[in-house]
Amino acid sequence: MDTLPSCLPHPAAGWTRRRWLAHCSVAGLALAGARPQAAAGPARILVVGDSLSAEYGLARGSGWVALLEQRLAQTKTPASVVNASISGDTTAGGRARLPALLKQHQPTHVVIELGGNDALRGLPLAGTEDNLAAMARAAREAGARVLLLGMQLPPNYGRRYGEDFAALYAKVAKSQQAALVPFFLKGVADVADAERYFQPDRIHPREIAQAKMLDNVWPALQALLGRT
């Protein structure tokens, strides 16, 4: 009989080579599983949004994404941020752009802030839901954790359309195992003095609203980062 591999210190008498190799394979797998995993590197957060995240009408560096970078540094959270938001973008645009962004930046976390422009254009909600689901799924399949920022519409868009629009974010989050901020503009668009938080177009928040917007995102993002 050939000499058996010395994967174990005391080979049992009478073992065949095949049995010994099988035993060694199982032992090797067990040892591999017992080894500690390599320490995870800094998180890479990719934000894919529209004008609400692209600092429309604001001084550069004053939007909520820039404030997020500052807060990560202040809290000594090891993470970098890539802001891939484009003013006027729709969920269809984000869906088309996302594969290249995932390949280029290889994010560990993806924040999706889209859908408002779909609703402003009166686009079918089924398409918006499908696009958001596809984006969340693509991000997950690329190994990233997903945070979806929900939006709501003013009453003048119609009660039914507004309710269905707001509800689709929760549907997508549930179906795609994504984290959810139910209303990104909570405390900004739904307060009695909301006008003071918005630019003259009454669509885009002013600089004074950006910290509140970040506060709405921060708890959910912290949880995804494992920093709660």
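The values are calculated or read from the model by the stated rules, or taken from the named source; none is laboratory data. This is a predicted model, so every value here is computed, not measured. No Cβ is skipped: glycine too gets one built from the backbone with ideal geometry, and neighbour counts run over all protein chains shown.
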- request: Just give me the residues in region 41-50 being surrounded by fewer than 21 Cβ atoms within 10 Å (Cβ to Cβ) and more than 14 Å from the chain's Cα centre (by Cα), in sequence order.
  value: Gly41, Pro42
- prompt: Can you name the residue in region 53-96 that is surrounded by fewer than 20 Cβ atoms within 10 Å (Cβ to Cβ) and among the β-branched types (Val, Ile, Thr) and, of all such residues, is farthest from the chain's Cα centre (by Cα)?
  reply: Thr75
field: Residue that is of a type in the set (S, T, N, Q), out of contact with any Lys or Arg (no Cβ under 6 Å at 6 or more places or on another chain), assigned by TED's automatic domain parsing to the domain that holds Arg71 and assigned to a helix (DSSP H, G or I), where the choices are Asn216, Asn156
entry: Asn156
- prompt: Would a scan of region 201-210 turn up a residue that is of a type in the set (D, E, K, R), closer than 30 Å to Ser80 by Cβ and either in a loop (DSSP other than H, G, I, E, B) or outside the structural domain of Gly93 (by TED's automatic domain parsing) (or both)?
  reply: yes
task: With the checklist (1) part of a helix (DSSP H, G or I); (2) surrounded by 14 or more Cβ atoms within 10 Å (Cβ to Cβ) in hand, flag the one item Arg196 doesn't pass.
output: (2)
Hey, Ala133 assigned to a helix (DSSP H, G or I) and in contact (Cβ under 8 Å) with a residue 12 or more places away in the chain or not: yes
message: Tell me whether region 175-185 contains one or more residues that are over 16 Å from Val47 (Cβ atoms), aromatic (Phe, Trp, Tyr) and not in a loop (DSSP other than H, G, I, E, B).
response: no
